[in-house]
Every structure is written in structure tokens, then in C-alpha cells.
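S.K.: Take a look at this one; I'll ask things after.
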Amino acid sequence: MKRTIVNLLVCALSALVIMSCEKETPVRPQRALDHYIELDFFSRYPGVSLTDFSEYEDSKDGKTVTDIHFVDGNGIQGFSVYKNGMWMITEKNYDVEDFLYAIPRKVARTYIGTGIENEVYHRGSDWYYVHEIARRGIAKKQYEFLCTAPFDDGYDTAENLVYDIIIDEDGTLLTCAHDVFNPSIWWYDITTSMDAVRNKYPGATILGAVNDAGNNVLFVRDEGIVKTVTTKNRGDGFVWTSTSYPLDINTPLPESVMADKERYAEKHPDKPFYALSAVDLPEGHFYGLTFGSELNWTMFYSKAE
């Protein structure tokens, strides 16, 4: 009887050891990954465990796309995309309940500095996430946060307002919007957008990028100013369509722009002057005049005559 109990305990412990090993060691795919992609991938991410990969044809240009799933040494799940054997983008998916201790300190400080409180993430949801994005053509990573949180600015209130926050690796806040951008991994190849931006701003540094309803929006630092540059697909690739950046609300305005501002304020006394921006369009240089509040606003362009 004693021997039987001991044997049972040994079997149980053995089973636990086997289960533990199976849980901690991802199963490597039996198929062979392209040799050159494998060499590049493991040189970029040494020590990770490759868990799966797949190949398919890009419907836009017929080139071969390879998706690679992996887990890094900290247990963070990752996803890399190669196109015609060239690395394009990597996403790492952080635990939404513990990300502040895992992301870089500069990024965490900027995130906390947004002032968002009582934010809600949902573990396992595709629509609430914390992603780290590394992309070909952009020197540093960006961090993407999608959550909901209560909102009250004295004018408007909301119980569950969407926040889509993008912060670069150095802690620069690129945007804190109430829109939902497309996950960056869906738009793994934004080469033509980056080419358009570099042609427009040859001396600028590209800090990050998002896809907003099909438009590739890039954030650049140009002559010390962080600007938002929008590119749209005109059928044969993405082209530059606009650039904007915020100005101090007390910035002196040209006489014609001031006249437009005063006319609007007179007709809408219930809407305070809320924000000012500089806007470059193919038609010329404009000022963006915004009236209202953070959630309910009207913006119009006034050309700098």
C-alpha cells in the first residue's frame, strides 16, 4: 500500500514536470522557414522561440509575405512580417495588466503624463492593447495604447471614451486621439508613404506612423518641430496631402486670419477659441482655427495672405 502511494506520487510529480515543460517551451513548427529569413530573424531577435509561420501572396503586388509568430525571453508574444525576404515590421504584444513595468521608462512617464486615469483594457481583446512596433525605415520603436477611460473636462463628459495613444521610444507623445487607428501590423509596407514624406521633408526624422482609415499618417521632426504628415493613396501609391502641427493659441496671426477668427467668434459666442495649428496643403499655407471643446469642436482653415 505504501509502495503504491509512493509510485502514485512519483507519477504525479513526473506529470507535473512534463506539463510544466510543455507550457514553458513553445513548439517549433515542423516546416522549414526560408533559410535567409531565418538567419535575419534570429540575428534581430536572438533567444526567441519561433512558434509558427505562414506564407501568402500580397494581393497588391504579388510578392511573397511571410508572417512569423514568436515568444521572447520575457514571455512576450511577437509577430514579424517579411516581404520578398525583407523584414518589414515587428509587433510585440504586452500584457495589458502589467505593461507599465515592462515598457521603457521614458515611454511610461509620457503615458502617465497624459493624465488619463481609470483606463480600461481587456486582456485577450484585439481592440484593447499595448503594442511595441519596430518598422523598416524608422530608426526607433513606437508604443501604441488603445483603451477607454472616463472623461470630464468641465465642458463634456463620457463614461467610456476611446483613447488611442502613440509614443515613440524616446518618450515623445506623437498623438493622443479619440479615434481608433488601424493596428500597424495590418499596414506592414508603407514604403511609398515614407518616400513621399522624405521627398517633401528631406531633412526630417520620421518618428512613427499610424494608418487612419486607409491614410498613412507619419509623425516627423522637422527643424525641431514635431509635425503630422498625411499621405493618401491616389491609385499608384501614396502621395503627400497635408502637414499640420500645433501652435500656441496666442501666436500672432496675419490680419486676414485674425479677421476670419473674429467673424466666426462673433457668430458663435457659445464656442470658445480652443486651439490653433499651422496647416500646409497643396494649395498653400493655412492656419487651422478650432472653436469649441476637446470633444465637440469645429475647425476651419484660413489662408495666410
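S.K.: Just to verify a result, which residue in the stretch 288-305, among those that are touching a helix residue (DSSP H, G or I) at 6+ places or on another chain (Cβ under 9 Å) and open to solvent by less than 30 Å² (accessible area, probe 1.4 Å), is nearest to Val226 (Cα to Cα)?
M.R.: Here the residue is Leu289.
S.K.: Name the residues in the stretch 135-155 that are open to solvent by 20 Å² or more (accessible area, probe 1.4 Å) and closer than 14 Å to Tyr94 by Cβ, would you?
M.R.: Matches in the stretch 135-155: Lys141 only.
S.K.: Please list, ordered by first then second residue, the pairs with beta carbon atoms under 6 Å, 6 or more apart or interchain, first in the stretch 51-67 and under 18 Å from Thr191 (Cα atoms), second open to solvent by less than 40 Å² (accessible area, probe 1.4 Å) and basic (Lys, Arg).
M.R.: Partner pairs satisfying both residue conditions: Lys63/Lys83; Val65/Lys83.
S.K.: Of the residues Asp156, Asp189, Asp98, which single one is among the acidic types (Asp, Glu) and without any contact (Cβ under 8 Å) to a residue 24 or more places away in the chain?
M.R.: Numbers: Asp156 fails: without any contact (Cβ under 8 Å) to a residue 24 or more places away in the chain; Asp189 fails: without any contact (Cβ under 8 Å) to a residue 24 or more places away in the chain.
That would be Asp98, the only listed residue that is among the acidic types (Asp, Glu) and without any contact (Cβ under 8 Å) to a residue 24 or more places away in the chain.
S.K.: Only one residue in Glu132, Glu169 is open to solvent by 30 Å² or more (accessible area, probe 1.4 Å) and among the charged types (D, E, K, R), so which one is that?
M.R.: On inspection, the qualifying residue turns out to be Glu169.
S.K.: In this structure, does Thr25 turn out to be open to solvent by 40 Å² or more (accessible area, probe 1.4 Å), modelled with pLDDT of 85 or more and hydroxyl-bearing (Ser, Thr, Tyr)? Outline the logic, then answer.
M.R.: On the way: open to solvent by 40 Å² or more (accessible area, probe 1.4 Å): yes; modelled with pLDDT of 85 or more: no; hydroxyl-bearing (Ser, Thr, Tyr): yes.
Taking the combined requirement at face value, the residue does not satisfy it.
S.K.: Of the residues Tyr129, Tyr111, which is more than 30 Å from Asp40 (Cα to Cα) and either in contact with a strand residue (DSSP E or B) (Cβ under 7 Å, 6 or more places away or on another chain) or free of Cβ contacts under 8 Å to residues at least 24 places away in the same chain (or both)? Step through it out loud before you land on a result.
M.R.: Numbers: Tyr129 fails: more than 30 Å from Asp40 (Cα to Cα).
Going through Tyr129, Tyr111 in turn, the sole match is Tyr111.
S.K.: So is Tyr264 touching a Lys or Arg at 6+ places or on another chain (Cβ under 9 Å), surrounded by 15 or more Cβ atoms within 10 Å (Cβ to Cβ) and farther than 27 Å from Leu218 by Cβ or not? Spell out how you get there, then give the answer.
M.R.: Numbers: touching a Lys or Arg at 6+ places or on another chain (Cβ under 9 Å): yes; surrounded by 15 or more Cβ atoms within 10 Å (Cβ to Cβ): yes; farther than 27 Å from Leu218 by Cβ: yes.
Spelling it out, Tyr264 is indeed touching a Lys or Arg at 6+ places or on another chain (Cβ under 9 Å), surrounded by 15 or more Cβ atoms within 10 Å (Cβ to Cβ) and farther than 27 Å from Leu218 by Cβ.
S.K.: Tell me which strands (runs of 3 or more DSSP E) are completely within the stretch 197-245 and hold 1 or more residues being small (Gly, Ala, Ser), or say none if there are none.
M.R.: Working: elements: 205-212, 215-222, 225-233.
The qualifying strands (runs of 3 or more DSSP E) are 205-212.
S.K.: Mind listing whichever residues of the stretch 33-73 are small (Gly, Ala, Ser) and open to solvent by 90 Å² or more (accessible area, probe 1.4 Å)?
M.R.: Initial filter on the stretch 33-73 (small (Gly, Ala, Ser)): 43, 47, 49, 54, 59, 62, 73.
The answer is Ser59, and nothing else.
S.K.: Kindly provide the set of residues from the stretch 201-221 that are open to solvent by less than 20 Å² (accessible area, probe 1.4 Å) and not hydrophobic (A, V, I, L, M, F, W, C), ordered by number.
M.R.: First, the residues of the stretch 201-221 that are open to solvent by less than 20 Å² (accessible area, probe 1.4 Å): 206-211, 216-220.
Those that are open to solvent by less than 20 Å² (accessible area, probe 1.4 Å) and not hydrophobic (A, V, I, L, M, F, W, C): Gly208, Asn211, Asn216.
The values are calculated or read from the model by the stated rules, or taken from the named source; none is laboratory data. All values reported here derive from a predicted model rather than from experimental measurement. Heads up, the Cβs are rebuilt from the backbone with ideal geometry, glycines too, and the neighbour counts pull from every protein chain shown. We work out accessible area using only protein heavy atoms, side chains counted, and drop any ligands, DNA or RNA first. Shrake-Rupley method; radii C 1.70, N 1.55, O 1.52, S 1.80 Å.
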